[in-house]
1. Set the bar at 31 Å for Cα to Cα. Now go through Lys187/Lys239; Lys187/Lys259; Lys75/Lys230; Lys75/Lys187; Lys187/Lys230 and name every pair that lies beyond it.
2. With labels modelled as points extended 7 Å from the Cα through the Cβ direction, what inter-label distance (nm, one decimal) is found for Asp258 paired with Ile165?
3. Show the residues, 5+ positions off or on another chain, whose built amide H is closer than 5 Å to the amide H of Arg152.
4. Report the equivalent ellipsoid semi-axes for the stretch 3-84 in whole Å, largest first, defined as the square roots of five times the eigenvalues of the gyration tensor built from alpha carbon atoms.
5. Helix-only mean residue ellipticity at 222 nm, the chain, DSSP H runs n ≥ 4 weighted -39,500 (n - 2.57), per residue, nearest 500. What is it?
6. Given Cα pairs under 8 Å that are at least 6 residues apart, what percent is the relative contact order of the stretch 3-84?
7. Ranked highest first by average number of other Cβ atoms within 10 Å, how do 91-98, 62-69, 243-250 line up?
8. If you place +1 on the Cβ of every Lys and Arg and -1 on the Cβ of every Asp and Glu, how big does the dipole about the Cα centre of the stretch 214-305 come out, in debye to the nearest 20?
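Quick note: the coordinates plus some simple rules give every number you see, no bench work behind them. Model, not experiment: these values are computed from the prediction. As a convention, Cβ positions derive from the backbone with ideal geometry for all residues, glycine included, and neighbour counts pool all protein chains shown.
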Amino acid sequence: MTAIDHLAAALEGHGEVKRDEVLSRHTTFGIGGPADIFVTVRDAAGLAYAVTTAQDAGVGVFVLGSGSNILVADKGIRGVVVDNRARREEADSSGTRYRVESGASFAAFARKMCRQGLDGLAWAVGIPGTLGGAVVYNAGAYGGCLADVLTRVRLQDHRDGDAWIEAAQLGLVYRGSVFTRGQFDGKTVLEAEVQLAPGDAAALLERAASYDAKRLTAQPRGRNAGSTFKNPPESPAWKLIDEVGMRGATRGDAAVSDKHCNFFVNYGNARAEDVAWLVTEAQRRVREQFGIELQREVAFVGDWS
C-alpha cells in the first residue's frame, strides 16, 4: 500500500472517504480537478481528526466548505480535501450568544437568526460559504462584517490540540485575517462564537429581503465564486475592470460578467487556467492604466504546476 492508501484507510470510520473525487462537483465555480483523498466529516471532532491525521502523515490538507470563494486548479488538489459538514449550533442561557460549528452555512444561520429576532447578521443572508470561511476572510457586506459580532473561535492546532482564542487575536481586517496572511498556517477553525442582540424579527426579515433584492439586481446568477477582487481604496474593483475594457471578456467558457465586472463566470466547461488568465489580464490592465494592484478575494488552490 502507498502512503495515500494508508491514510485513506486511517480516515475510514471517521468520515465518508472517496478517492480521486472531481472537485468541480463541489465548487460554486463548477471548476476543479480531482482530490487524492476526499473525506466528508459531519462534526467538529471528525474535522479535527481528519486534519490532524493528514498532518501527522505529512500530507497536505485542505478544508473545503461550500466551495465558494475558491478556484481549484485543473490538476486538482494533492493530499486530503476535507468536506466540512460540521453544522451543530448551540445557544447559551441568554439566547443571544451562539456557538456554531465551522461547516454551517453562514447565510442559512444568518437568516435563521433574523427569524428568531436576533440582530447582527441580516447583512449576511446572501453570502455563500460556511461560517469557518467567514472567519478566515472576515466576510462582510452592506456595511457589516463578521468582526462586528464574533467573540471567539475554537481552533485545532497540529501541535497544541484545540483551544478557544479571542476574536481580537485574529487580526480581522477588510476581507482578511491572520489566516489569509499566513500567520495561522496549520490551524483549523472548528467552531465560532457570535454575540447577537435582541431585535424585531419582522424588521430584520424585511431588511434581509432588501439585501436579497439588491443582490438579485446587481450580481450575476450561475456558476461563479463571488467577488473576484477586493475593492481597493481608490475605486470599486468592478469599475476599474470595466474602464480597462474587460466587461464581457472571454477565454474559452470563462468570462468576465456583463452584469457585474467583478464576477468571473463559468458559462459551460470553463477551465481554471482560462479563469486565471482573465484574472491576471484584468490585474495587468488595471496596473498599467491606473497604477493600482488588484488583490484577489478568490483564492487559487491546488496544483498549479
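1. Distance filter (> 31 Å) returns Lys187/Lys239; Lys187/Lys259.
2. So the label points at Asp258 and Ile165 sit 4.7 nm apart.
3. Correct list: Ala167, Glu193.
4. Result for the stretch 3-84: semi-axes of 20, 14, 10 Å.
5. -8500 deg cm²/dmol
6. It comes to 36 percent, rounded to a whole number.
7. 62-69, 243-250, 91-98
8. 360 debye
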